[in-house]
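Peer 1: Sending over a structure as structure tokens; questions will come in a sec.
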Amino acid sequence: MKYLIPFLLIIFLPAYTMAQQGNMLLLKKKGKVLKTYYEGSELLYNQGLGMQRARIEELKNDSISLIQYNVRTSMTSLGVYILDTVSTYRSMIPYKNILEIGKEQQGWDWNASGATLFGGGTLLATAGLVTWIFSNKNSQYYAKPALVISGAVAAGVGFLLMKSTGHKFKIGKKYSLGFITTQ
């Protein structure tokens, strides 16, 4: 029994050390690798039809085999809602057709906050401007110019927040995709 563990190590250690790493898809910024995608990785990408999320099933011959899951909520017989996979879609795309790679959300979502601030500021400025123009100056519905200005400032700050926080890597001059095969 005391020779079993060394015996198993001698048999299985060479197989473990000679195992191959699979093919890899690399996201590079000016030649420096930012992120590496393997088989089984989650990929958020745009191929010209909007952002899509898929799992990489296989990387082969400069192509990516993807699987997408159509998940919806459905009610059980007990009246409880659960997530159910309705269907799966398999596709094979060349990695050169990918136009953008999406970033995974971590921490506070400044893009969503900016959109909320932009929408609320636009609504406040528009409503204030309409009541400022069409109501009497002495009525209770008259909006002061400070309200319209603050709504416009909030919309401007929201617009800047939406545009300043990048949530995509656009493939082109700054970012590039590379493909490494191990065969």
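The values are calculated or read from the model by the stated rules, or taken from the named source; none is laboratory data. Just so it is clear, the structure is predicted and the values come from calculations on it, not from any experiment. All Cβ positions, even for glycine, are placed from backbone atoms using ideal geometry, and neighbour counts span all protein chains on display.
Peer 1: Working only within the range 29-45, note down all residues that are surrounded by 14 or more Cβ atoms within 10 Å (Cβ to Cβ) and of a type in the set (Asp, Glu).
Peer 2: The one that is surrounded by 14 or more Cβ atoms within 10 Å (Cβ to Cβ) and of a type in the set (Asp, Glu): 39.
Peer 1: Can you pull out the residues in the range 34-60 that are more than 23 Å from residue 170 (Cβ to Cβ) and either basic (Lys, Arg) or without any contact (Cβ under 8 Å) to a residue 12 or more places away in the chain (or both)?
Peer 2: Result: 60, single match.
Peer 1: Still on this structure, I have one more. Being exposed (fewer than 14 other Cβ atoms within 10 Å of the Cβ), outside any strand (DSSP E or B) and more than 19 Å from the chain's Cα centre (by Cα), is that true of even one residue in the range 120-129?
Peer 2: Within the range 120-129, one or more residues are exposed (fewer than 14 other Cβ atoms within 10 Å of the Cβ), outside any strand (DSSP E or B) and more than 19 Å from the chain's Cα centre (by Cα).
Rundown of residues vs (1) acidic (Asp, Glu); (2) at pLDDT 90 or above; (3) under 19 Å from the mean Cα position of the chain (by Cα); (4) outside any strand (DSSP E or B), yes/no style:
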residue	(1), (2), (3), (4)
79	no, yes, no, yes
92	no, yes, no, no
101	no, no, yes, no
104	yes, no, yes, yes
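Peer 1: Taking only the range 46-74 into account, find how many residues are touching a Lys or Arg at 6+ places or on another chain (Cβ under 8 Å), surrounded by 15 or more Cβ atoms within 10 Å (Cβ to Cβ) and modelled with pLDDT under 90.
Peer 2: Residues that pass the stated criteria total 1.
Peer 1: Given 87, 91, which one is closer than 30 Å to residue 45 by Cα, surrounded by 13 or more Cβ atoms within 10 Å (Cβ to Cβ) and among the polar types (S, T, N, Q)?
Peer 2: Step by step, each of 87, 91 is checked, and only 91 is closer than 30 Å to residue 45 by Cα, surrounded by 13 or more Cβ atoms within 10 Å (Cβ to Cβ) and among the polar types (S, T, N, Q).
Peer 1: Right, next: Looking only at the range 135-183, count how many residues are over 17 Å from residue 46 (Cα atoms), among the β-branched types (Val, Ile, Thr) and in a strand (DSSP E or B).
Peer 2: Number of matching residues: 1.
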